[in-house]
C-alpha cells in the first residue's frame, strides 16, 4: 500500500454526503455527514463546510470526491448526474480554488471498487465488478488492478440497463432501468405499489406510511423486513429477484470472478443475498457449463466510497508531485 499523508474522502450520494479523513492504511480517523442539498450552490457550500470542519481537526493534504454521475475522461467535469444538481460543472477545480487544497474527482462506484480492491474483499481478484446499491445503482469494473472507464470515461453504467421495456420512468430519461427495480428508491416504490391494493393498514410499515406518507425510505423498508413485516418481506423478495436478473446480465457481459455489492442497500445484503444468488444461478447463460462469479457483500460498508476517494486523491497528488 502506498504511504502518504491523510486525505479527505467525500461520498456524494443522492440522499446524503459522507466525509471522512483517511490515512494511508485505510483507517478512518474522523468523519462528518450531512443530507444532500437540492441545488448545486447548496451542495458546494455543504462540501466546503464538511472539509472545513474536518481539516480544522486534522492535517490533510487533499480531498477526493466520489460522485454519482457521468464524468469526463479527465475527471474534471460532471457532465450529468441523475441524482445530483450538477450539469457540465467543473467541480474539482472550482472547489480547489475555494478551499485551497487539491481536489480529485472519481465516480462513486469506482471509488468504492478501489477501496474494496485496496482494503476489502476484492484483493487478489482478476476481474471484479462492484455494484453500488444506494439511491440508484452505480457500477465499477477492475481488471488486473486497473479501473476500466471505457473510451469516454462513463463505463460501466449498469444501473441504466433496461430490464423492463416501458417500465418505471427513470431520472436518466429512459424507462425500466435496472435501478428502478433494484435500489433504495426502488424499495420504496415497490413497497407503495404492494401496499396500495392490499389494504393492510394494520401492519407496521403501512401504519407508518399512513401517518406520514413521505417518511418511507429504503432503510425503513429493510428495517420492517427485519421485524417480520410481511409486505416488507415481499418487497425484499422482489428486490432479490431483480438483483439476480441484473447480476446475470453483468456476468454475461463481463464474466467477472468476483461481484461485490456495496452502497447503503448493499450493506443490508443479509435480507436478500441468498435469494439473489439463486436467481442469478438460474438466469446465467450456460449456467450448468461455466464457473459462476463469487457474489459477496462489501466488507467496508458505507465507508467504501470515502475510503476509495481518499486513496485515489492521495495517489493522484503523489503522482503529480513526482
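Every read-out reported here was derived from the displayed coordinates using simple, explicitly stated rules and does not represent laboratory data. Since we're looking at a predicted model, the values are computed, not measured. Glycine gets a Cβ as well: all are built from the backbone with ideal geometry, and neighbour counts include every protein chain shown.
For the stretch 4-132, the share of DSSP beta bridges that are antiparallel, to the nearest 5, is 65%. Label positions at residue 96 and residue 292, each projected 7 Å from the Cα along the C-beta direction, are separated by 4.6 nm. Between residue 163 and residue 196, residue separation times 0.36 nm minus the direct Cα-Cα distance comes to 9.5 nm.
Here each label is just a point 7 Å from Cα along the line to Cβ, and for residue 282 and residue 29 those points are 5.1 nm apart.
Divided by 2.2 N^0.38 Å, where N counts the residues, the Cα radius of gyration of the stretch 137-194 comes to 1.33. Overall dimensions of the stretch 123-298, expressed as equivalent-ellipsoid semi-axes from the Cα gyration tensor (√(5λ), whole Å, largest first), are 30, 17, 14. When only Cα pairs under 8 Å and 6 or more residues apart are kept, what is the percent relative contact order across the stretch 11-108? The normalised contact order for the stretch 11-108 reaches 27 percent.
Mean residue ellipticity at 222 nm from the helices of the chain, using -39,500 (n - 2.57) per DSSP H segment of n ≥ 4 over the full residue count, to the nearest 500 deg cm²/dmol? Show your work: numbers first, answer last.
Details: 10 runs with 126 residues, N = 322.
Taken over the chain, the calculation gives -12500 deg cm²/dmol.
The slack in the chain from residue 233 to residue 143, taken as 0.36 nm per residue of separation less the alpha-carbon distance, amounts to 28.8 nm.
Taking the Cα atoms only, what angle lies between the long axis of helix 40-55 and the longest principal axis of the chain, rounded to 10 degrees? Roughly 60 degrees between the two axes.
Could you state, as a whole-number percent, how many of the C-alpha pairs of the chain are farther apart than 30 Å? Across the chain, Cα pairs with separations above 30 Å total 33 percent. Per residue, the average separation of C-alpha pairs within less than 8 Å and at least 6 apart gives the chain a relative contact order of 22 percent. From least to most packed, judged by other beta carbons within 10 angstrom and beginning with the fewest, 18, 168 follow the order 168, 18. Subtracting the Cα-Cα distance of residue 270 and residue 318 from their residue separation scaled by 0.36 nm leaves 13.4 nm. Relative contact order (percent) for the stretch 201-322, with alpha-carbon contacts under 8 angstrom and 6 or more residues of separation? So the answer I get is 25 percent. Computed from label points 7 Å out along Cα-Cβ, the spacing between residue 57 and residue 155 is 4.1 nm. When the Gaussian network model of the chain links Cα atoms closer than 10 Å, the mean-square fluctuations of 79, 97, 113 top out at 97.
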